[in-house]
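See below for the structure under consideration.
The values are calculated or read from the model by the stated rules, or taken from the named source; none is laboratory data. Treat the numbers as computed from the prediction; the structure is a model and nothing was measured. Cβ placement follows ideal geometry from the backbone for every residue including glycine, while neighbour counts extend to all protein chains displayed.
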Amino acid sequence: MLIKVPSVVNLGLETIKVDVEVNLANRGLPGFEIVGLPDKAVDESKERVRAAISSSGVDFPAKKITVNLAPADIQKEGSLYDLPIAVGILSSVLQFPIPEKSLFLGELSFDGSLRHTKGALLMALFAKEFGFSNLFVPKDSANEAGVVKGVKVFPVENLIQIAGYFLKKRNIEPVVYQKILSGLPSSAEFDMREVLGQEQAKRAMEIAAAGGHNIIMVGSPGSGKTMLARALPGILPPLNETESLEVTKIYSVAGSIPPGGSLITERQFRAPHHSASLVGLVGGGAKPHPGEISLAHRGVLFLDEFNEFPHNVMEAMRQPLEDGYLTISRSKQRVIYPADFMLVASANPCPCGYLNHPKKNCVCTQNQIKKYQKRISGPILDRIDLHIAILPVDTAEFSDNQKNSELLESSKIIKQRVVLAKEKQEERFIKDSIQSNAQMKNSHIKKYCKLTKDIEGILRTASLKFQLSARSYMKTIKVARTIADLDGAEEITISHMAEALQYKPKIYDTV
Amino acid sequence: MEKAVKIEDKKYPKSLKEIGREAPKKLYYKGEWKEEIFENCLAVVGSRHLTGYGKKITEQLVTEIAASGITIVSGFMYGGDEAAHSATVRIGGKTIAVMPCGIDMIHPEYQEKLYYEILENKGLIISELEGKFSPVNWTYARRNRIVAGLSKAILVVEAGLNSGTLITAKYAKKYGRKIFAVPGQITSDVSKGTIKLIKEGAFVVTEASDILKYYNVSPANLSNSESQAKQSSILSKEEKTIIEQLKREPMEADLLSRTLGISAAKVGTTLSLMQLKGFINQESGKYYVN
C-alpha cells in the first residue's frame, strides 16, 4: 500500500516540496528503509518513528516499509521528516486518509510527542504561495508558522492526537496569530542614562540607530565602548512588518527561534567574539548555514576589539557590507542569505590601549601603533560612516554630582526621536528599494539630499582641510541627511552638515 | 659616491671640533655641505611621546626661530624631533637631521617624505655611521652628542625622566651649551624631565624672543596679526564661550558640552564650523585655540 505525505526541504531560504512516499509491502522480510538522499539525521528517523509509534499504543507493522523522499536527487537533512513518515505509516495501519493540500513537518520524541523543529516559518510561507491550506507542525513551532495569514496551522502535540484528529475522534484548534504589540521590554543591557559622560558618542549612537549607519568607536580600555554598544538595542527602532518577516525567516532556518516563539519584532543584536571562525561569522559550511552577519540582518553586528578579528574574516565582510547580502556557492548548491546589518565596531587606539589617555602613558612606539591600526583595512574603514574617539570619563566627576545623571536622557526618549526619523526615511524611500539613509546610493543622494551653494562650499572646504576621500564626502552627506531627519527638517542645513563633519574618519585614517 | 667630511678638513664644523675627544672623526652627509649652515645652530629636542601641547609649542617656537635664519638641529626621531624638522621645512628654513643609523638608511622609514623635504630645503642629513649601519640602542645616545655638539644652545620642549632627550641635555651641559626648557604641567610625565632641567638652572622659554636674544638675531616679521583680526570678527555667543573655555585649557567635545551645558550636537556643530574657519584646531581628541 502506497501513501504520499507532502512535506518540504529548505535549501538556504528557498523551499522545495518533498513528497514523503511510504510503502508498506506485505511481501518480503519486515524492515524499514529510507531512500532519497537522506542524511544521517533523516536516516535515524527510522528509530524515532518506530519508538514513537510503539509508545503511542499502536503496534508497529511487521511489514517491509520503504520510504522515498522525492525528488530523490536533492539532499535532505534534519529531523523534520519524522512526522510525515509516522503519519504515513499510521494512515496505513489505522486506515485514515491524508487530507488534501496539507504539509507536515516535525521531529518526534520516543514517547510520541513532537519537538520544536526549525524551518516552520519557511514552510508556512511556501504553503501560502503554492496553495496548501493546512499545516501540521509541532505545537512549539506553531506560533512561528502561524505568522503567515491564510494558512491553517495545526499545533500537534503528539501522534495520538493527530491520529485521533484524522480519525475524527478529536479536534485540533488551528492557531490564531495575534499581532504582538510593540512596547515589549527592550533587550538592552544598559539604559543610555547609565552611560556617564560620552555625550558625543551617545549622539553618534543616536544618529547611527536612526539612519542605520555603520559606526566605529576607538578608545582606551574601560572608556565605555562596550557599554555604549550594549545600550544601543534600547534605542533602535522596531522592525516593520516586511523586515520582521525577513529576519524571522533567517532565524527559522538557523533554528534559532525558541520553542513557542513567533515573529521577531525587535532588531537583533549579535556580538560574536573575535575568535569566531570565518564560516561562523559570514555563514557557509558544506551545507550552507547562515552566519552571524545574517543573523544580524536588519539589526546590529557588534564586533568588539575589531582589529583582533582575523584578516580574512574582516575582508569577507566587505561584500555584504556593500550589497546587503551574501552569496555562498557550493558545488551542489548556491545560497543567498540576506545580511543587511549595521556594523558597530570598537577598537583600541594602540596595542597598549592608552594612546591619548589623559592620565596614563602610552608605551607603544610609532611603528607598533601603525602596525596595529593597519589591521583594519582601508576598504573596511571606508564603509564605516561614523567614526568616534572615546575618551575615558573621570568617574570622580560624576559621583559627587548625582544630579547630573538624573538629567541625562533615557533610552526611551532617544528612541522616540529615532523612531520618528526612521518613519521619515521609510516615507521618503517608499518608491525605492532601500529602507534607510545609510543604504543610499549616489543616485539617491542626488535626489534626496539637495545641498545649497553654501553647504556645498563648506563641504568642499572641509574635504580639502581634512582630506576627505570621495566616498567620505558622500558618507558625510548621508550622515547629514540623518541628522536632518532627527531634527525633523526637510532640507539639510549648514548646522546639520557641520555636525556630520564631527564624525569624519579620525585616528585610524592617519595610517 | 659617498660624501664625507673628515675632522682634519677645513669644512668640519667648528663647534663640533670644540667638543674634543668626543668629536666624530668622520661625518657622512647627504645634501649640500655649506659652512654657513653651521653658524647659528639650535638643537630642538623633545619626547617621542610628544603631547598635543608639546607639539603645538614646538611648532610655534620653531617656526619663529627658523624664520629668523637659525638652523634647527635635531635627531629625526618621531615625536619631538619630527615636529621640529617639519615645522622648519614648512617655512622653508634650514635644518640638520643627525641620524642614529648609517647614512644610506632612512630611520624611521615612514618619515621618508620629511627626509626629502629637508634636503629640498637645503638642509643636511648627517651621520657618523657609514652605509647601512642599523640603528641600535647605543647609536641613539651617541647621536645625541653630535646634536648637542653642533649647536650653540639646545631647546628642550618635553622630556621624560630617563629619556634620550635628557641625554642630549647632559651632553649640552658637558660642552657648555646653553639649555632652554619649556615649562609644562608638573603632573605630566613628559614634563618631569624639563622641570628637572629648570630646577638645575636651565632657562625658561615662553616665547621665541627668549632664544633669539641669545643669538642676537632680530625676529622675522611673521604676520601674527592675522589671527588677531580673525578673532575680532563677529562670533556667535556660543562660539565666544567655547573659545574662552578653550583658551584656558584644551578640551574634548564631551567635556565642553558638560562644562558649558550645551548639547553634544550643538557643540559638535559649532566646533566643526570654527575649525573650518580656522579659529580652533584638533589634536589627539582635544580642541585648542589657534
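Considering each residue of the range A:22-44 in turn, at least one proves to be touching a residue at least 60 places away in the same chain (Cβ under 8 Å), touching a helix residue (DSSP H, G or I) at 6+ places or on another chain (Cβ under 8 Å) and of a type outside the set (Ser, Thr, Tyr). Of the residues making up the range A:323-353, those that are closer than 21 Å to A:SER436 by Cβ and of a type in the set (Ser, Thr, Tyr) number 2.
For B:THR241, the stated conditions hold: it is more than 31 Å from the chain's Cα centre (by Cα), surrounded by 16 or more Cβ atoms within 10 Å (Cβ to Cβ) and not in a loop (DSSP other than H, G, I, E, B).
Of all residues in the range B:244-259, those satisfying the criterion of being surrounded by 16 or more Cβ atoms within 10 Å (Cβ to Cβ) and either within 12 Å of another protein chain (Cβ to nearest Cβ) or of a type in the set (Gly, Ala, Ser) (or both) are B:PRO250, B:MET251, B:GLU252, B:ALA253, B:ASP254, B:LEU255, B:LEU256, B:SER257, B:ARG258. Against the definition (under 29 Å from the mean Cα position of the chain (by Cα) and within 14 Å of chain B (Cβ to nearest Cβ)), how does A:THR461 come out, yes or no? When the stated conditions are applied, A:THR461 does not pass them.
Checked against (1) surrounded by 18 or more Cβ atoms within 10 Å (Cβ to Cβ); (2) farther than 30 Å from A:TYR337 by Cβ; (3) out of contact with any helix residue (DSSP H, G or I) (no Cβ under 6 Å at 6 or more places or on another chain), A:ALA86 passes all but condition (3).
I'd like to check something: does the range A:238-245 contain any residue that is small (Gly, Ala, Ser) and under 16 Å from the mean Cα position of the chain (by Cα)? Yes, the range A:238-245 contains a residue that is small (Gly, Ala, Ser) and under 16 Å from the mean Cα position of the chain (by Cα). Evaluated against (1) of a type outside the set (S, T, N, Q); (2) touching a strand residue (DSSP E or B) at 6+ places or on another chain (Cβ under 7 Å); (3) under 25 Å from B:LYS17 (Cα atoms), B:GLY176 falls short on exactly one condition, (2). Restricting to the range A:362-385, name every residue that is under 27 Å from the mean Cα position of the chain (by Cα) and in a helix (DSSP H, G or I). Correct list: A:GLY378, A:PRO379, A:ILE380, A:LEU381, A:ASP382. Looking only at residues of the range B:49-60 that are crowded, with 20+ Cβ neighbours inside 10 Å and not β-branched (Val, Ile, Thr), we find that the one that is nearest to the other protein chains (Cβ to nearest Cβ) is B:HIS49.
Yes/no matrix, rows are residues, columns are (1) among the hydrophobic types (A, V, I, L, M, F, W, C); (2) within 10 Å of chain B (Cβ to nearest Cβ); (3) surrounded by 13 or more Cβ atoms within 10 Å (Cβ to Cβ):
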residue	(1), (2), (3)
A:GLN425	no, no, yes
A:LYS475	no, no, yes
A:ALA500	yes, yes, yes
A:LYS504	no, yes, yes
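The selection criterion, being at negative phi and either among the hydroxyl-bearing types (Ser, Thr, Tyr) or more than 14 Å from chain B (Cβ to nearest Cβ) (or both), holds for A:LEU381. Between B:ILE126, B:ILE146, B:ILE103, which is assigned to a helix (DSSP H, G or I) and buried (at least 21 other Cβ atoms within 10 Å of the Cβ)? Just a single option satisfies the conditions, and that option is B:ILE146.
If you go through the range B:61-78 and pick out every residue that is without any contact (Cβ under 8 Å) to a residue 60 or more places away in the chain, buried (at least 24 other Cβ atoms within 10 Å of the Cβ) and within 14 Å of chain A (Cβ to nearest Cβ), you end up with 1.
So that you can scan it fast, the table gives a plain yes or no per residue for (1) under 26 Å from A:LEU236 (Cα atoms); (2) among the basic types (Lys, Arg); (3) crowded, with 21+ Cβ neighbours inside 10 Å; (4) assigned by TED's automatic domain parsing to the domain that holds A:THR226:
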residue	(1), (2), (3), (4)
A:ALA271	yes, no, no, yes
A:VAL279	no, no, no, yes
A:HIS289	no, no, no, yes
A:ARG298	yes, yes, yes, yes
A:ASP323	yes, no, no, yes
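For the condition surrounded by 21 or more Cβ atoms within 10 Å (Cβ to Cβ), among the basic types (Lys, Arg) and modelled with pLDDT under 95, B:LYS94 qualifies.
Of B:TYR115, B:TYR110, which residue is modelled with pLDDT of 90 or more and either surrounded by fewer than 20 Cβ atoms within 10 Å (Cβ to Cβ) or outside any strand (DSSP E or B) (or both)?
The match here is B:TYR115.
Screening A:ASP454 with (1) surrounded by 12 or more Cβ atoms within 10 Å (Cβ to Cβ); (2) within 14 Å of chain B (Cβ to nearest Cβ) gives one miss only, at (1). Scanning the range B:265-281 for residues that are more than 7 Å from chain A (Cβ to nearest Cβ) and of a type in the set (Ser, Thr, Tyr) yields a count of 1. Please determine whether any residue of the range A:367-377 is out of contact with any strand residue (DSSP E or B) (no Cβ under 9 Å at 6 or more places or on another chain), of a type in the set (Val, Ile, Thr) and surrounded by 14 or more Cβ atoms within 10 Å (Cβ to Cβ). Looking for residues that are out of contact with any strand residue (DSSP E or B) (no Cβ under 9 Å at 6 or more places or on another chain), of a type in the set (Val, Ile, Thr) and surrounded by 14 or more Cβ atoms within 10 Å (Cβ to Cβ), one finds at least one in the range A:367-377, hence yes. When each of A:ILE376, A:ILE336 is tested for being over 23 Å from A:GLU243 (Cβ atoms) and either in contact with a Pro (Cβ under 8 Å, 6 or more places away or on another chain) or away from chain B (no Cβ under 14 Å) (or both), the lone residue that passes is A:ILE376. Between A:LYS447, A:LYS478, the distinction of being farther than 20 Å from A:PRO505 by Cα and not in a loop (DSSP other than H, G, I, E, B) belongs to A:LYS447 only.
Within the range B:156-197, restricting attention to residues that are of a type in the set (Val, Ile, Thr) and part of a helix (DSSP H, G or I), the residue that is nearest to A:LEU355 (Cα to Cα) is B:VAL190. Scanning the range B:153-163 for residues that are buried (at least 22 other Cβ atoms within 10 Å of the Cβ) and in contact with a strand residue (DSSP E or B) (Cβ under 6 Å, 6 or more places away or on another chain) returns B:ILE154, B:LEU155, B:VAL156.
Among the residues of the range B:251-290, write down those that are part of a strand (DSSP E or B) and among the basic types (Lys, Arg). Residue satisfying the conditions is B:LYS286 alone.
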